[in-house]
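Take a look at the structure set out below.
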Amino acid sequence: MPQTVDELIRKFNALQAELEDRLDEATRQHREEFQYQLRKGRVYFRREMRDLHRKYRIRSLPYLRGARLRHILSAPLIYSVLLPMLLMDLFVSVYHSVCFRIYGIPRVQRREHIVIDRHKLAYLNNIEKINCMYCGYGNGLISYWREIFARTEQYWCPIKHAQRFKDRHSRHEGFVEYGDAAAYRSRLPDLRKDW
């Protein structure tokens, strides 16, 4: 018997929840294997593991000497994106802080999206640590912004698109169908409260 889209979405959400549980269990096992704990969002390695990590670190100067020239030459281009990211972060954060309060939209928890912790690994040199901080910030920022704009879309225009597109945000499937004017008008007040 063919399944409805709603049934498939429910199954998908259940599988996603099961996957999260299994990933959490795998993370717990990795914490034991690599001898670290998380306390109040901070990572703590056992001394023996930190000492072992230091043995694998390649100091910054030898690391640079061994780097490919194209990597060194492209680094300024990569890091030139930081200024626009910081500016956009400022603007989106102000918008989020002010407008979400005005509209009664629950605020997005930044710490659930932006995680910068790899710079604490003793086997990374300072260059690698800076690179890891950059990538953690950039990818976390995109995730943070995506949730802000997904909630904005749910509040103002919770209508599915006519055309399918890759990697829709998690709220999209709960929106009203494209072209269903009656459902849009009737469901909009509830969608604005369904967080």
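Side notes on the structure shown:
- Computed over segment 29-124, the range of Cα coordinates on each principal axis works out to 53, 40, 17 Å, biggest value leading.
- Per-bin percent of Cα-Cα distances, the chain [5 Å]: 1, 6, 9, 12, 14, 13, 13, 11, 8, 6, 4, 2, 1, 0
- Unit charges on C-beta of K, R, D, E only; dipole of the chain, Debye: 1080
- Candidate lysines - alpha carbon under 19 Å from residue 193, same-chain residues fewer than 8 apart omitted: 160
- Divided by 2.2 N^0.38 Å, where N counts the residues, the Cα radius of gyration of segment 144-195 comes to 1.08.
- Amide N of segment 122-147 lying under 12 Å from the label point, which is placed 7 angstrom from the Cα of residue 77 along Cα→Cβ: none
- Selection from 53, 85, 155 lying farthest towards where the dipole of the chain points positive, charges on Cβ: 53
- One chain, two ends: residue 112 and residue 161. Fully extended at 0.36 nm per residue, the span grows by 14.9 nm beyond their Cα-Cα distance.
- Bridgeable aspartates and glutamates around residue 120 (alpha carbons under 12 Å apart, same-chain partners fewer than 8 residues away excluded): 128.
Throughout, read-outs are computed from the coordinates displayed, never taken from laboratory work. Quantities reported herein were computed from a predicted structural model and do not represent experimental measurements. As a convention, Cβ positions derive from the backbone with ideal geometry for all residues, glycine included, and neighbour counts pool all protein chains shown.
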